[in-house]
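Undergrad: Handing you a structure now.
The values are calculated or read from the model by the stated rules, or taken from the named source; none is laboratory data. Since the model is a prediction, treat every value here as computed from it, not as a measurement. Cβ atoms come from the backbone with ideal geometry, glycine included; neighbour counts cover every protein chain shown. Ligands, DNA and RNA are stripped out before the accessible areas are found, and what is left, the full protein with its side chains, is counted by its heavy atoms. Shrake-Rupley method; radii C 1.70, N 1.55, O 1.52, S 1.80 Å.
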Amino acid sequence: MAVSERRGLARRSPPEWGQLLLLLLLLGGCSGRIHRLALTGEKRADIQLNSFGFYTNGSLEVDLSLLRLGLQETEEKAPLVGFSLTRVRSGSVRSYSTRDPHDCPLWKNSSNLLVLFLINTKDLRVQVRKYGEQKKLFISPGLLPEAPSEPGPSNPVHTVTPNVDSGATTTLDKAKSKSTVSQGDQQGPSGKDKELILGLGHLNNSYNFSFHVVIGSQAEEGQYNLNFHNCYNSRPGQEQPFDITVMIREKNPEGFLSAAEIPLFKLYMVMSACFLAAGIFWVSLLCRNTYNVFKIHWLMAALAFTKSISLLFHSINYYFINSQGHPLEGLAVMHYITHLLKGALLFITIALIGSGWAFVKYVLSDKEKKIFGIVIPLQVLANVAYIVIESREEGASDYRLWKETLFLVDLICCGAILFPVVWSIRHLQDASGADGKVAVNLAKLKLFRHYYVMIICYVYFTRIIAILLRVAVPFQWQWLYQLLVEGSTLAFFVLTGYKFQPAGNNPYLQLPQEDEEDVQMEQLMTNSGFREGLSKVNKTASGRELL
């Protein structure tokens, strides 16, 4: 069972319509970039705790306040429990995703960008082993003091060779226990790296220790993955439950945001202004063409404003996370509410436009009603999954389940909204050959095909290309993923509004032309004088009558 706590979260009565969302936040809340994860009865061999992009003078603090293992931990000679800190070169690719699940990553090392923290419960010590380029990484016991100044020294600490006796001890200031820390030289006079030893506290059958890492130079910058490994549970059928409580605090010189997240505050603010401007322009367009406006046009306006408000709250959340390490409760709830409404409105609007509702017909077919009955509940589930993912720690037991659920449901929704467009295209194809209104039907058919291509491109860019870009670019440029997603969404909104704007010359809104029989009947009635004294009544595309 996973329990995550939100630091500084005030428990107060929320509005009734936001109780469900706030309940999800309180049950699985994380505190921004100050994480506290408590796992009870855990049986996983590998726990992916967190991933963070560090700049120079960035710092990572880890406080293992409780580790309670099973009885098997005294049967092995070599340490089988510990942390690994890995620097990856591209995106969020995990370090141990391709290894044999039965191999212990604490023993077999194939990376030169790895630091291991091996917990030796017999000797009550933690061995720190650095490999390859990470040998220069500065690591020390304890936690950094709470101070408003930038974490880490102004100069690379590891470039200075300390003269510390290998027998020197340091006291870990723990409320539960006291343990000694024996630290050898980071680099001896001969140039050979010596092993760093941290003290391991032991109290009431539980262990505790802490350490902090400082990124001292530009060569050490990168995306770092922090994992916890319990190799006793890597043997099938021999898993033993264990308890762990760990606090993780990550910080860059500019704040608590990862390197790829620092530009997101400005990005979301700018995109919010763009969607707001698009919504205002769309409303002004509707007011100038009142006779060609349908209800779905106002639904499109509501979608643009909802998207703008959602991005605004998202931007403000990132601002407080960067400055305080956690978002504000009220703003986070408002962001999740607007995000849920935006997701539902987006898919409903696309499906309604694709089915031709309000433009061509006012009644949905049974097949289209079934699509709406599927898409709307799935969108609610997808948004709930998003809220849970945002509020859960990455190392929580059900984090991966919710993440996979969100990805699967989102793909199903994207596929489902294509069906109304395909059905409308087939209907227009049949109608173009069955009646005499070929020109109008072919124009509408061409417009539907363009809209179908637009939806395919939107889904392709936001779900596939954007993910590939996130993996391919360097860690500090991963914010381009959000830029591509939001830019593609804005372009999709603009093109949809342009193609289905309320204008008299829009082929999608034009009424069927009169056939030859009607023309002949009109000429006959005019020549015979039957219509003498009567005025002609014209109908607009919206069905309103003009004299």
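Undergrad: Inside segment 54-63, can you point out the residues that are surrounded by fewer than 23 Cβ atoms within 10 Å (Cβ to Cβ) and among the small types (Gly, Ala, Ser)?
TA: Of everything in segment 54-63, just one residue is surrounded by fewer than 23 Cβ atoms within 10 Å (Cβ to Cβ) and among the small types (Gly, Ala, Ser), namely 59.
Undergrad: Would you pick out the residues in segment 193-247 that are more than 23 Å from residue 43 (Cα to Cα), in contact (Cβ under 8 Å) with a residue 60 or more places away in the chain and assigned to a loop (DSSP other than H, G, I, E, B)?
TA: 193, 195, 215, 216, 217, 221
Undergrad: Here's another thing I want to ask about it. Which is open to solvent by 20 Å² or more (accessible area, probe 1.4 Å) and at pLDDT 90 or above, of 66, 24?
TA: That would be 66, the only listed residue that is open to solvent by 20 Å² or more (accessible area, probe 1.4 Å) and at pLDDT 90 or above.
Undergrad: Does at least one position in segment 428-441 carry a residue that is more than 30 Å from residue 227 (Cβ to Cβ), at pLDDT below 85, touching a Phe, Trp or Tyr at 6+ places or on another chain (Cβ under 9 Å) and buried (at least 18 other Cβ atoms within 10 Å of the Cβ)?
TA: Yes, segment 428-441 contains a residue that is more than 30 Å from residue 227 (Cβ to Cβ), at pLDDT below 85, touching a Phe, Trp or Tyr at 6+ places or on another chain (Cβ under 9 Å) and buried (at least 18 other Cβ atoms within 10 Å of the Cβ).
Undergrad: Another question about this same structure. Among (1) open to solvent by less than 40 Å² (accessible area, probe 1.4 Å); (2) more than 27 Å from residue 222 (Cβ to Cβ); (3) hydrophobic (A, V, I, L, M, F, W, C), where does residue 259 come up short?
TA: For residue 259, the failing item is (2).
Undergrad: In segment 277-298, which residue that is open to solvent by less than 30 Å² (accessible area, probe 1.4 Å) and part of a loop (DSSP other than H, G, I, E, B) is farthest from residue 348 (Cα to Cα)?
TA: Among them, the one singled out is 293.
Undergrad: Out of 401, 364, report the one residue that is free of Cβ contacts under 8 Å to residues at least 12 places away in the same chain and surrounded by 15 or more Cβ atoms within 10 Å (Cβ to Cβ).
TA: 364
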